[in-house]
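K.L.:
Dropping a structure here in structure tokens format, bear with me for questions.
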Amino acid sequence: MNVNYSLYLVTDRDILKGKDLFKSIEDAIIGGVTIVQIREKNISSLEFYNIAKKAKMVTDKYNIPLIINDRIDIAIAVDASGVHLGQQDLPAIVARNLIGKNKILGISVSNLELALKAEKDTADYIGVGAVFNTNTKKNTNKVSLDVLKQIKSCVNIPVVAIGGINETNIKSIQKTNVDGIAVVSAILGKDDIKNASKNISTIINRR
């Protein structure tokens with residue numbers, strides 16, 4: 001599956017400051033986001049389903065892949081493009097059996113050993129982090145740029161860096177040759193989401 005991971009948006013409604021989630025996703029896509037992950041914690045399955053279904057209407061409009069964080073059942077229910085799992089979620093092999101071979105499977109990793117295992121277990125891409133300090137996700141393992149570079153050089157699947165990435169530190173990430181940069185606050189935390197997305201997209205595509 002040919003997926004553009006270059007500017008990967010992860011949602012977090014807590015940092016939207018009252019802005020509409022779906023308009024924010026649309027503005028981010030118009031600005032240059034190439035893939036969207038819906039991440040929700042502490043809400044009911046029904047609420048998550050309704051959010052995912054509505055978000056998919058937006059991403060489908062622009063032919064952008066929609067990834068669901070953690071919840072394989074929600075991903076299947078809304079026919080999302082794929083699912084992203086952490087190390088405490090169902091094993092990748094089990095997830096693959098559930099979603100099938102044509103859906104995207106992303107796995108969070110924080111070291112080379114986990115990256116190689118994810119690739120062996122049929123992950124389509126890996127999310128590596130946290131590269132920098134982040135307030136949007138607690139209990140993250142810190143990953144140095146050297147480790148990020150090492151992982152990128154040792155796996156054959158796309159690598160997406162995540163964790164505290166913004167317009168001021170993207171250049172240092174790009175030196176590792178990763179395939180994508182995942183952002184949360186650097187786009188959704190800004191008043192002008194479309195412009196924030198456009199600025200980051202411009203930086204990414206300038207190299």
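K.L.:
Name the pairs whose Cβ atoms lie under 7 Å apart, with the first residue in the stretch 39-61 and within 16 Å of ASP12 (Cα to Cα) and at pLDDT below 95, the second among the β-branched types (Val, Ile, Thr) and open to solvent by less than 60 Å² (accessible area, probe 1.4 Å), and 6 or more positions between them or separate chains?
P.N.:
none
K.L.:
Restricted to the stretch 44-72, and to residues that are among the basic types (Lys, Arg) and touching an Asp or Glu at 6+ places or on another chain (Cβ under 9 Å), which residue is nearest to ILE104 (Cα to Cα)?
P.N.:
ARG71
K.L.:
At pLDDT 95 or above, open to solvent by 10 Å² or more (accessible area, probe 1.4 Å), farther than 17 Å from ILE29 by Cβ and of a type in the set (S, T, N, Q): does that describe ASN177?
P.N.:
Considered against the rule, which asks whether it is at pLDDT 95 or above, open to solvent by 10 Å² or more (accessible area, probe 1.4 Å), farther than 17 Å from ILE29 by Cβ and of a type in the set (S, T, N, Q), ASN177 comes out as yes.
K.L.:
On to the next question. Hey, can you tell me all the residues within the stretch 93-112 that are within 23 Å of GLY129 (Cβ to Cβ), open to solvent by 30 Å² or more (accessible area, probe 1.4 Å) and polar (S, T, N, Q)?
P.N.:
Within the stretch 93-112, SER108, ASN111 meet the criteria.
K.L.:
I'd like the full set of residues that are open to solvent by less than 20 Å² (accessible area, probe 1.4 Å) and of a type outside the set (A, V, I, L, M), limited to the stretch 190-200.
P.N.:
Correct list: SER197 only.
K.L.:
Filter the stretch 91-148 down to residues that are among the basic types (Lys, Arg) and assigned to a loop (DSSP other than H, G, I, E, B) and give me whichever is nearest to LEU66 (Cα to Cα).
P.N.:
LYS103
K.L.:
Next up: Tell me, please, whether a residue that is within 24 Å of SER6 (Cβ to Cβ) and of a type in the set (D, E, K, R) can be found in the stretch 65-77.
P.N.:
Yes; the residues of the stretch 65-77 include at least one that is within 24 Å of SER6 (Cβ to Cβ) and of a type in the set (D, E, K, R).
K.L.:
Here is a follow-up. Provide a single number: the residues in the stretch 56-84 that are crowded, with 18+ Cβ neighbours inside 10 Å and not in a loop (DSSP other than H, G, I, E, B).
P.N.:
Number of matching residues: 13.
K.L.:
If you don't mind, another one. Could you say which residue among ILE203, ILE173, ILE187 is closer than 30 Å to ASN42 by Cα and either assigned to a helix (DSSP H, G or I) or among the β-branched types (Val, Ile, Thr) (or both)?
P.N.:
On the way: ILE203 fails: closer than 30 Å to ASN42 by Cα; ILE173 fails: closer than 30 Å to ASN42 by Cα.
Exactly one of ILE203, ILE173, ILE187 is closer than 30 Å to ASN42 by Cα and either assigned to a helix (DSSP H, G or I) or among the β-branched types (Val, Ile, Thr) (or both), namely ILE187.
K.L.:
Report yes if some residue within the stretch 33-55 is open to solvent by less than 20 Å² (accessible area, probe 1.4 Å), under 18 Å from LEU7 (Cα atoms), in a loop (DSSP other than H, G, I, E, B) and not acidic (Asp, Glu); otherwise report no.
P.N.:
yes
The values are calculated or read from the model by the stated rules, or taken from the named source; none is laboratory data. Note that this is a predicted model, so its numbers are computed, not measured. For neighbour counting, all protein chains shown are included, and Cβ atoms are generated from backbone atoms with ideal geometry for every residue, glycine included. Calculation scope for accessible area: heavy atoms of the full protein, side chains included, ligands and nucleic acids excluded. Shrake-Rupley method; radii C 1.70, N 1.55, O 1.52, S 1.80 Å.
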